[in-house]
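Asker: Questions regarding the structure given below will be posed in turn.
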Number of protein chains: 2
Amino acid sequence: MVKLGYECFKKPDEKNLLSISAALELTHGAILIHDDIIDQSEFRHNQPTVHKKYESEHIKRYQRRSASHYGEGMAIVAGIVGYYGAISLINQGKFPPDLKLKAIDQLANFMTYTCYGEGLDVDLACRQEIKEKDVLTIHTYKTVYYTFIGPLKIGGILAGAGEKELKKFEDYGVPAGIAFQLQDDILGVFGDEKELGKPIGDDIKEGKNTLLYTQAIKKGNISQRKKLTSLWGNKKITLKQVQKVRKIIKKTGSLAYSQKLARELVKKGKKAVPKITNNKNLQEVFSSLADFIIERKR
Amino acid sequence: MVKLGYECFKKPDEKNLLSISAALELTHGAILIHDDIIDQSEFRHNQPTVHKKYESEHIKRYQRRSASHYGEGMAIVAGIVGYYGAISLINQGKFPPDLKLKAIDQLANFMTYTCYGEGLDVDLACRQEIKEKDVLTIHTYKTVYYTFIGPLKIGGILAGAGEKELKKFEDYGVPAGIAFQLQDDILGVFGDEKELGKPIGDDIKEGKNTLLYTQAIKKGNISQRKKLTSLWGNKKITLKQVQKVRKIIKKTGSLAYSQKLARELVKKGKKAVPKITNNKNLQEVFSSLADFIIERKR
């Protein structure tokens, strides 16, 4: 992981950054716990999701019904503890109070954006038709801020960067963050189950708002469109049907379209790196991270 | 509402406190949104709860199934926005950065306690037997911190109070907070539907962990215990059965027991007031708030 942009401005003190990095990881973990409830996901990182774990614990201990409700309740609570634990961690960092306060404010801002994206995602998933523009808006709010812009800016803030310097992270972080989500969506349909840590076809079952879907619907013929519409969001999809979905997404050129867009975005992000820092080593960190986004298999 | 204890230390500046008070209200609102999902509550303040509102909106717009899941998902997101919005509000207050940071840290701490209480509540509700000690532990963590200790300490912190002064709020806030919850539980069973803003018997349907229940079980005869156990947590309870529950709670002396304990706690809290402030007017604010806790009908 890139070291929060901190090194661009001051000599890095890794120990000082530890609680801040942990805070970002914890916030990330917490929103994923809640996201998994919202998306009804059962697996993450090759393990049952948090609400599913509580659910099976409940069944083991009490053999009662409404275990799924128990699981979700406990996971909601666990997520909230994560949000506030992260704030305490930032507070523990050895930085001037005004900078820590700015960092917490940035965290609150980007998490509000993330929630806006999450809400939009849940809401638009109910519509019959969703457009590429909508998908990219969701990606921007739901993913870009908490994965790239937020962490980069928090690093910058704690290093004493001004508004103008912080703004520069956006030229790198926005395209990189969208590319990250596009690759995530590609892996969600074409990835390896073991590498991904979740069952094949989870994104399809969930009927996720992805560019893969919108583009295939746009470019597909009547039969492909009909087939894809009937399978996207089908909770009981078979492996054979998953393969059918994959075939349609490939044949319509939708996979290639997403891959190309992701590559272009990575290129755009990399172009912005020299504006952020003159340090060649650091430029390399930013650039290789951008490349990694679309090379990763998990 | 008491003015955050701020006045005890400095001349109050109401405008400055507005964003802080709003932050506490917002946090309170957010945890109630999540609490209502966890408790499966359908009404609050004479209106459908947030997840229920989203659910009916969904049915109106999309006529689809899984509307309850949509409602809960959107309400989870709304709650998170509330938590972070509150942090932004504290940040907007015109106070020195180190004090705002301490206030935010206090918020994070007391919300962690609240979540611990909430989790304990969810978990212990599944046990066959729950003891008075457990109920009071839940009340302390789940209610005392976010209603009394947290807000009082945040006011104190922003007024420049030291650790020793902040500690004094506990002698008032702990008994007052527990008394508040005891009265809440009494109203939950005996209160007026319109005043309360939620249907009669909601606490009984939910099988809530209350002293009213544990004490009635402890003091009741075999037939009363059997009846109460069968009705407590019954989601389809009738008005006649609610009246039966009320009768058992009265006859076993359980209602009187909770009322007496609440009165004693209020008395204990009031006794601590002179330690907090010498200002007679302020002492009166603290004392009358304590009295109000057990006099309130909603």
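The values are calculated or read from the model by the stated rules, or taken from the named source; none is laboratory data. Bear in mind that the values here come from a model prediction, so they are computed numbers and not experimental data. Cβ: placed from backbone, ideal geometry, glycine included. Neighbour counts: every protein chain shown. Heads up: the accessible areas ignore ligands, DNA and RNA and are worked out on the full protein's heavy atoms, side chains in. Shrake-Rupley method; radii C 1.70, N 1.55, O 1.52, S 1.80 Å.
Asker: Once you put a point 7 Å from the Cα of A:Glu129 and another 7 Å from the Cα of B:Lys297, both along the Cβ direction, what distance in nm separates them?
Answerer: 5.6
Asker: Then there is this: Among A:Val245, A:Leu196, A:Gly233, whose Cα projects farthest towards the positive end of the dipole of the stretch A:188-277, with charges put on the beta-carbon of Lys, Arg (+1) and Asp, Glu (-1)?
Answerer: Positive-end residue among those listed: A:Val245.
Asker: What is the dipole size for the stretch A:156-229, taken about its Cα centre, with +1 at each Lys and Arg Cβ and -1 at each Asp and Glu Cβ, in debye to the nearest 20?
Answerer: Numbers: 12 positive and 12 negative charges, 113 e Å.
Using Cβ point charges on Lys, Arg, Asp and Glu, the stretch A:156-229 gives about 540 debye.
Asker: Still on this model: Measuring label to label, 7 Å along Cα→Cβ, what does B:Lys133 give against each other copy in nm, shortest first?
Answerer: Ordered by increasing distance: 6.4 nm.
Asker: Hey, another quick one. For chain A, report the accessible area per residue in Å² (1.4 Å probe, heavy atoms, rounded to an integer). Numbers along the way, then the final one.
Answerer: Values: 14230 Å² over 298 residues.
Computed with neighbouring chains in place, this is 48 Å² per residue.
Asker: To continue, here is another question. Using a label position 7 Å from Cα in the Cα→Cβ direction, what is the ascending list of nm distances from A:Glu193 to the same site in the other copies?
Answerer: 5.2
Asker: Normalised by the residues of the stretch A:49-135, what does the relative contact order come to in percent, with Cα pairs under 8 Å and at least six apart? Don't skip to the answer; put the middle values down first.
Answerer: On the way: 38 pairs, mean separation 15.3, N = 87.
Taking the mean separation of contacting Cα pairs over the length of the stretch A:49-135, I get 18 percent.
Asker: Next up: Cα centroids of the stretch A:136-192 and the stretch B:177-241: how far apart, whole angstrom?
Answerer: 50
Asker: Which of the listed residues, B:Tyr141, A:Val135, A:Tyr54, is farthest toward the dipole's positive end in the protein assembly as shown, when Lys, Arg count +1 and Asp, Glu count -1 at the beta-carbon?
Answerer: A:Tyr54
Asker: Could you work out how far the C-alpha centroid of the stretch A:30-69 sits from that of the stretch A:255-298, in angstrom?
Answerer: With the stretch A:30-69 and the stretch A:255-298 each reduced to a Cα centre, they are spaced 35 Å.
Asker: Per the helix-only calculation at 222 nm, which mean residue ellipticity applies to chain B, given -39500 (n - 2.57) for every DSSP H run of n ≥ 4 and division by its residues, nearest 500 deg cm²/dmol?
Answerer: Values: 15 runs with 216 residues, N = 298.
Calculated mean residue ellipticity at 222 nm is -23500 deg cm²/dmol.
Asker: Can you pull out the trypsin sites (Lys or Arg not before Pro) in the stretch B:130-234 that DSSP calls coil and that have at most 15 other Cβ atoms within 10 Å?
Answerer: Sparse-neighbourhood loop trypsin sites (Lys or Arg not before Pro): B:Lys131.
Asker: Tell me which DSSP H helices of chain A clear both cut-offs, 24 Å or more of axial length from alpha-carbon atoms and a mean Kyte-Doolittle hydropathy of at least -0.5. Intermediate values should be presented prior to the final figure.
Answerer: Details: long enough: A:14-38 (35 Å, 0.66); A:67-92 (37 Å, 0.70); A:97-124 (40 Å, -0.01); A:163-190 (40 Å, -0.11); A:254-271 (26 Å, -0.84).
Taking the DSSP H segments of chain A (at least 24 Å long, mean hydropathy at least -0.5), we get A:14-38, A:67-92, A:97-124, A:163-190.
Asker: May I pose another question? Determine which aspartates and glutamates satisfy two conditions relative to B:Lys60: a Cα distance under 17 Å, and not lying fewer than 8 residues away in the same chain.
Answerer: A:Asp123, B:Glu72
Asker: When the dipole is taken about the Cα centre of chain A, and only Lys, Arg (+1) and Asp, Glu (-1) are charged at their Cβ, what size is it in debye, to the nearest 20? Don't skip to the answer; put the middle values down first.
Answerer: Numbers: 50 positive and 35 negative charges, 234 e Å.
My answer is approximately 1120 debye.
Asker: Using a Gaussian network model of chain B with C-alpha springs under 10 Å, which one of B:Pro199, B:Pro96, B:Pro151 is most mobile by mean-square fluctuation?
Answerer: B:Pro96
Asker: Let me ask another. Could you give the size of the charge dipole of the stretch B:223-297 about its Cα centre, using +1 on the Cβ of each K and R and -1 on the Cβ of each D and E, expressed in debye and rounded to the nearest 20? Working shown, then result.
Answerer: Numbers: 21 positive and 4 negative charges, 134 e Å.
So the magnitude is around 640 debye.
Asker: Sticking with this structure for a sec: Determine the alpha carbon to alpha carbon distance for each of A:Lys131/A:Lys271; B:Lys198/B:Lys244; A:Lys53/A:Lys100 and list only those over 24 Å.
Answerer: In this structure, A:Lys131/A:Lys271; A:Lys53/A:Lys100 lie more than 24 Å apart at Cα.
Asker: Any idea which of A:Tyr213, A:Ile76, B:Pro274 is furthest toward the positive side of the dipole for the protein assembly as shown, if Lys and Arg beta-carbons carry +1 and Asp and Glu beta-carbons -1?
Answerer: Of A:Tyr213, A:Ile76, B:Pro274, it is A:Tyr213.
Asker: Here's something else I'd like to know. Using DSSP to define loop residues, name the chymotrypsin sites (Phe, Trp or Tyr not before Pro) in the stretch B:65-99 whose beta-carbon has at most 14 other beta-carbon atoms within 10 Å. Write out the running numbers ahead of the final one.
Answerer: Details: sites: B:Tyr70, B:Tyr83, B:Tyr84; in loops: none.
The qualifying sites: there are none.
Asker: Over chain B, calculate the relative contact order: mean separation of alpha carbon pairs under 8 Å at least 6 apart, over the residue count, as a percent. Please list the in-between numbers first.
Answerer: Working: 383 pairs, mean separation 60.4, N = 298.
Relative CO of chain B lands at 20 percent.
Asker: Just grab the label-to-label distance for A:Ser56 and A:Ser223, each label 7 Å out from Cα along the Cβ direction, in nm (one decimal).
Answerer: Result: 4.2 nm between the two label points.
Asker: With springs connecting C-alpha atoms under 10 Å apart, model chain B as a Gaussian network and identify which of B:Ile33, B:Ile130, B:Ile204 has the largest mean-square fluctuation.
Answerer: Result for chain B, Cα springs under 10 Å: B:Ile130 fluctuates most.
Asker: Among rounded, prolate and oblate, which fits the stretch A:16-147 when a ≥ b ≥ c are the square roots of the eigenvalues of its C-alpha gyration tensor, a/c under 1.5 means rounded, and a/b larger than b/c means prolate?
Answerer: Because a/c hits 1.5 or more and a/b fails to exceed b/c, the stretch A:16-147 counts as oblate.
Asker: Continuing with the same structure: Relative contact order for the stretch A:179-298 using alpha-carbon pairs under 8 Å, separation at least 6, rounded to a whole percent?
Answerer: 35
Asker: Are there GluC sites (Glu not before Pro) in the stretch B:25-76 that DSSP marks as loop and that have at most 16 other Cβ atoms within 10 Å, and which are they?
Answerer: Values: sites: B:Glu25, B:Glu42, B:Glu55, B:Glu57, B:Glu72; in loops: B:Glu42.
Of the GluC sites (Glu not before Pro), the ones in loops of the stretch B:25-76 whose Cβ has at most 16 other Cβ atoms within 10 Å are B:Glu42.
Asker: Say the cut-off is 30 Å between C-alpha atoms; which of B:Lys142/B:Lys250; A:Lys218/A:Lys268; A:Lys280/B:Lys94; A:Lys15/A:Lys208; A:Lys133/A:Lys153; A:Lys168/A:Lys247 go over it?
Answerer: Values: B:Lys142/B:Lys250 26 Å; A:Lys218/A:Lys268 26 Å; A:Lys280/B:Lys94 42 Å; A:Lys15/A:Lys208 39 Å; A:Lys133/A:Lys153 26 Å; A:Lys168/A:Lys247 40 Å.
Beyond 30 Å: A:Lys280/B:Lys94; A:Lys15/A:Lys208; A:Lys168/A:Lys247.
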